[in-house]
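Report on the following structure.
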Amino acid sequence: MSDNDNFRAEAAAWLETHCPASMRRPIVAEEMVWGGSRLSFLNDDQRLWFERCRERGWFAPGWPREYGGGGLSSKQARIVEEEMARLGCRQPQYNLGVWMLGPVLLEVGTEAQKREHLIPMMRGERRWCQGFSEPNAGSDLASLKTSAKRVSDAEGEAYIVNGSKIWTSYGDQSDWMYALVRTDASARKQQGISFVLIDMHAPGVSVKPIELISGKSSFCEVFFDNVRVPVRQLVGQEGEGWAVAKKLLQHERAAMSKFAEGGAPSHDALAVARPYLEDASPAQAAVWRDRLAAVLMDAHAFALTHERVTAQAMARQDVSGPASIMKLLQTEQEVAKYELLTQVMGLRGLSWEGEEFSQLEHDVCRQWLLSKTYTIGGGTSEVQLNIIAKRVLGLPG
Ligand SMILES: Cc1cc2nc3c(=O)[nH]c(=O)nc-3n(C[C@H](O)[C@H](O)[C@H](O)COP(=O)(O)OP(=O)(O)OC[C@H]3O[C@@H](n4cnc5c(N)ncnc54)[C@H](O)[C@@H]3O)c2cc1C
């Protein structure tokens, strides 16, 4: 056996022993364990799984040990991810910091920033939100207007931030925000933008949750009124935040395209559909089987493509184009899968609440609705198509 095979066997054995059975069921939004100062657990299994992974550095198996990661090579870290997916293990900690900001800080952060921010992420103590979108800057993100004026006074060098962000997921639950701000209003659109880290508890930050028609929402508006952000919280160079954000968005798209691998709520389409197919008329069942086969083949093709893109990333090839392709495909495939499952379930697929429905029916119904948001967050499907047209296919703008 090769070293990698040995490592795979070891990782699988550790996961078999240490991941409680209840942490191998498909995740639903209510059961996600978000790190941060409000960390809480619904049961002992959640706590155990969280603590065991934290101790081993497996919130981020590939990060260096000195910042609390697992210290594994990128190949080994990938093996851990694959084994977790194979066994259906849930993510032990959900945190935008770990998925998106962390890899960027590892690449372009200062040593002081890495120490200040990565270690609390790896302890599960600091939850991050993303402050990119503004009321008139969503797809056209470079139109953002939140300003950051540099000052130097008795307290030291800082930016004074004014403006607001919108659609900030879990802004009210987060400890810190990574944000794009305009440090130079006179420069061309993308050039006057900087990437800063903002303490959500700093004076002048206020958060207002946005209510949605479903009665539930993770969305917030965040307002900045003369918020002081020390210059040491600038990531990369002043005015070059767009390049930092592009790096981060690649990680966001990669994280979103990993949904099929157990990173986020997802169901085994065949297992869910089978009992309903048995109850359907032969003619109807034949149509569903056909569509189910297409969903499964797409998922398989996606998994193979994902393998290839991961290998390219590990070989340090530019995967900015493929990241958009993967984000587009995976999120659209999730929508197609849940559209099909809710149709196969018939009226039982519309089981938002009610005791007459099973837990699985509730979960599938919620995932059906949630899956639609995946095609908007992290850049809409249309925006991904634009990127693919321009960067991958080389078509004119
Ligand atoms: C679940 C979820 C979580 C989110 N979390 C966050 C967060 O934490 N932080 C954050 O900053 N933002 C967040 N967002 C916001 C998200 O990034 C924006 O919603 C997204 O970028 C689209 O911007 P918009 O809503 O302003 O829509 P618009 O940009 O106004 O787009 C409206 C429609 O026009 C289409 N469109 C726009 N421009 C083009 C174009 N050039 N070509 C073709 N079609 C186009 C879009 O595809 C879309 O269908 C989240 C969104 C969702 C759904």
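Points worth noting:
- Region 128-235 - Kirkwood radius from inverse mean 1/r over Cα pairs (Å): 14.0 Å
- Seen from every direction in turn and averaged, the convex hull around the alpha carbons of the chain projects onto 21.8 nm².
- Within the accessible area of region 3-122, the carbon and sulfur atoms contribute 48%, probe 1.4 Å, all protein chains present.
- Aspartates and glutamates with Cα under 18 Å of LYS216, excluding same-chain neighbours fewer than 8 positions away: GLU30, GLU31, ASP172, GLU353, ASP363
- Fully extending the segment from SER186 to ALA142 would add 14.5 nm, taking 0.36 nm per residue of separation and subtracting the current Cα-Cα distance.
- For region 95-111, Karplus couplings with θ = phi - 60° (6.51, -1.76, 1.60), whole Hz, Gly/Pro x: 6, 4, x, 5, 6, 10, 5, x, x, 6, 4, 4, 7, 10, x, 6, 4
- Potential extension, LEU304-SER22 segment - 0.36 nm per residue separation minus Cα distance: 98.7 nm
- Proximal lysine pairs, region 244-392, alpha carbons under 24 Å, eight or more residues apart or interchain: 15
- The residues of the chain expose on average 49 square angstrom of accessible surface per residue, using a 1.4 Å probe on protein heavy atoms.
- For the chain, share of DSSP beta bridges that run antiparallel, in % to the nearest 5: 80 percent
- Within the shell defined by Cβ-Cβ distances under 14 Å, the residues around HIS362 carry a net charge of -3, with Lys and Arg each +1 and Asp and Glu each -1.
- The chymotrypsin sites (Phe, Trp or Tyr not before Pro) found in region 304-397 that occupy coil by DSSP, while having at most 13 further C-beta atoms within 10 Å, are TRP352.
- Applied to region 83-89, the Karplus parametrisation 6.51 cos²θ - 1.76 cosθ + 1.60 on θ = phi - 60° returns per-residue 3J(HN,Hα) values of 5, 4, 5, 4, 7, x, 5 Hz, with x for Gly and Pro.
- Interchain or long-range residues, amide H under 5 Å from TYR94's placed H: VAL33, TRP34, GLY35
- ³J(HN,Hα), Karplus 6.51/-1.76/1.60, whole Hz, each residue of region 297-314, x for Gly, Pro: 5, 4, 5, 5, 4, 4, 4, 5, 5, 4, 3, 5, 5, 4, 4, 4, 5, 5
- Helix-only CD estimate at 222 nm, as mean residue ellipticity for the chain, using -39500 (n - 2.57) per DSSP H run (n ≥ 4): -13500 deg cm²/dmol
The values are calculated or read from the model by the stated rules, or taken from the named source; none is laboratory data. It should be emphasised that the depicted structure is a prediction, and the values quoted were computed from it without experimental measurement. Using ideal geometry, Cβ is built from the backbone for each residue, glycine included, and neighbour counts are taken over all protein chains shown. Each accessible area value is taken on the protein alone, full model and side chains, heavy atoms only, with ligands, DNA and RNA left out. Shrake-Rupley method; radii C 1.70, N 1.55, O 1.52, S 1.80 Å.
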